[in-house]
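Remarks on the structure that follows.
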Amino acid sequence: MHNFVFHNPTKILFGQGTIKTIGPETRAWGKRALLVYGRSSLKQSGLYEQILASLRTAGLEVAEHGDVRANPLVAHARQGIDTARTQHVEVIVAAGGGSVIDTAKAIAAGVPAEHDVWKFFTGKKSLKTVLPVTTVLTLAGSGSEMNSGMVLTNEATGEKFGFGHRLLHPKTSILDPQTTCTVPPDQTAFGAIDAISHLLEFYLTTADPDTSVQDRLMEGLIENSMAACDRCLQDPLDYHGRANLMWTACLALNGLTAAGLGRVGFPMHLIEHSLSALYDVPHGAGMAVILLGWLRAQQTALGKRIASLGRRLFALGEADPQLATEQTIARIADWLASVNAPLTLNDLGIPAADIPRIADNTRGLARVWRLADSTPERVAAILRHCLA
């Protein structure tokens, strides 16, 4: 296990009846707030009125920035930055899933900056100060409610980049599992897949051979993601299933799972970000396809590690490492199929002829993320494994 520093300053308020606390939790950081939310679900569910009432009861002046879309755009975040500046906003409130929270973080970073917010994502500028952010989570998956990252798409350049900094941790996040009971089945599954992909990025890219504590933690979270997702799909109103999925997704990417692993990478996310940027596919759907292709491409290099995962997750009794690796990938594919996730590029409507274009699109993010091994040629090889 490598040396590490684990510091997560986000305060979590978890459980039923916690929505009403967003007002006082936010008021501790300012008086003028910008409420950031998505397109329609927040108002349809009645959460919009609950959140607004709590904020106003706490004495906050509230401006609004709605209409955040999935795979959120930097252009829309720029509009939010302009609104926040005009309204002299002191604190940002995000009410939604990862797309909304990431947009809120970008606004929080962009308001004090004297340059365009996209320069943070390209590594041309460093982050020095941000507005505080509080959140009400309504979709389990991204983990943005308790981590220091954000992801946006630049529609003008066709790039989807992620950026992380310790100042981007939300101050407080409200996690009431009941808010996710109306999430559609496909989005529920995509959220679980996203959480699993976060865990597998760490599990399979660490070079440390002795990380038993983290291994057992990540294996348990993957198992819980699958089981909780199955429960939620069987009964969308299963509170404990929703609670398990929400907390599992939060823990998957809050810094704890990567602690002690040394240098890790996000090669699967690198490729999926290009799919999302170029084709606007749901992130979890893209991750399902890339995950399978990447595992197939790594059977030789990471066979022992993949086999170990399968023995823990699926109680595989196969002694032969190669066969155990193949069985593990097959079992993961079976689970993805059981939750109606896409399994191939064709399922996403992406033709094989587009592979060179996708691979070339990964160049910029590979440079920013310092993934020197993820050359366009290697990415193209992985994408060809996504055709089967």
Item to complete: Run I12 past the list (1) part of a helix (DSSP H, G or I); (2) touching a Cys at 6+ places or on another chain (Cβ under 8 Å) and report the number of the one that doesn't hold.
Response: (1)
Practice prompt. Kindly provide the set of residues from segment 14-47 that are among the polar types (S, T, N, Q), closer than 19 Å to E61 by Cα and either surrounded by fewer than 22 Cβ atoms within 10 Å (Cβ to Cβ) or free of Cβ contacts under 8 Å to residues at least 40 places away in the same chain (or both), ordered by number.
Written response: T21
Fill in: Residue within segment 3-12 that is buried (at least 17 other Cβ atoms within 10 Å of the Cβ) and under 14 Å from I174 (Cβ atoms) present
yes
Worksheet, complete the sentence: In segment 266-282, residues that are in contact with a Phe, Trp or Tyr (Cβ under 8 Å, 6 or more places away or on another chain) and either over 19 Å from Y203 (Cβ atoms) or open to solvent by less than 10 Å² (accessible area, probe 1.4 Å) (or both) total 5
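Here's a check for you: in segment 225-274, which residue that is assigned to a loop (DSSP other than H, G, I, E, B) and of a type in the set (A, V, I, L, M) is farthest from V183 (Cα to Cα)?
Across segment 225-274, the extreme among qualifying residues is L261.
One line per residue, one yes/no per condition, for (1) surrounded by 16 or more Cβ atoms within 10 Å (Cβ to Cβ); (2) without any contact (Cβ under 8 Å) to a residue 12 or more places away in the chain; (3) on the phi < 0 side of the Ramachandran plot; (4) not in a helix (DSSP H, G or I):
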position	(1), (2), (3), (4)
I51	yes, no, yes, no
G59	no, no, no, yes
A70	yes, no, yes, yes
A77	yes, no, yes, no
G80	yes, no, yes, no
T83	yes, no, yes, no
I101	yes, no, yes, no
Practice prompt. Taking the residues in segment 129-143 that are assigned to a loop (DSSP other than H, G, I, E, B) and in contact (Cβ under 8 Å) with a residue 40 or more places away in the chain as candidates, determine which candidate is surrounded by the fewest Cβ atoms within 10 Å (Cβ to Cβ).
Written response: P132
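Would you pick out the residues in segment 313-353 that are among the charged types (D, E, K, R) and buried (at least 17 other Cβ atoms within 10 Å of the Cβ)?
Residue satisfying the conditions is E326 alone.
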Fill in: Residues that are of a type in the set (F, W, Y) and under 19 Å from the mean Cα position of the chain (by Cα), drawn from segment 15-41
Y37
Worksheet entry | Single match in L348, L387 (criterion: over 29 Å from N224 (Cβ atoms), of a type in the set (A, V, I, L, M, F, W, C) and in contact (Cβ under 8 Å) with a residue 24 or more places away in the chain) | L387
Practice prompt. Determine whether R370 is under 19 Å from A192 (Cα atoms) and either charged (D, E, K, R) or free of Cβ contacts under 8 Å to residues at least 40 places away in the same chain (or both).
Written response: no
Response to the item:
When segment 78-123 is checked residue by residue, the ones that are out of contact with any strand residue (DSSP E or B) (no Cβ under 9 Å at 6 or more places or on another chain) and of a type in the set (D, E) are D82, E114, D116
Worksheet entry | Every residue from segment 160-179 that is touching a Ser or Thr at 6+ places or on another chain (Cβ under 6 Å), open to solvent by less than 10 Å² (accessible area, probe 1.4 Å) and part of a helix (DSSP H, G or I) | L168
Discussion item. I want to confirm something. Restricting to segment 300-312 and keeping residues that are of a type in the set (K, R) and free of Cβ contacts under 8 Å to residues at least 60 places away in the same chain, which single residue is most open to solvent (accessible area, probe 1.4 Å)?
Written reply: K304
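The values are calculated or read from the model by the stated rules, or taken from the named source; none is laboratory data. Source: prediction; values computed, not measured. Cβ atoms come from the backbone with ideal geometry, glycine included; neighbour counts cover every protein chain shown. Accessible surface areas use protein heavy atoms only, side chains included; no ligands, DNA or RNA. Shrake-Rupley method; radii C 1.70, N 1.55, O 1.52, S 1.80 Å.
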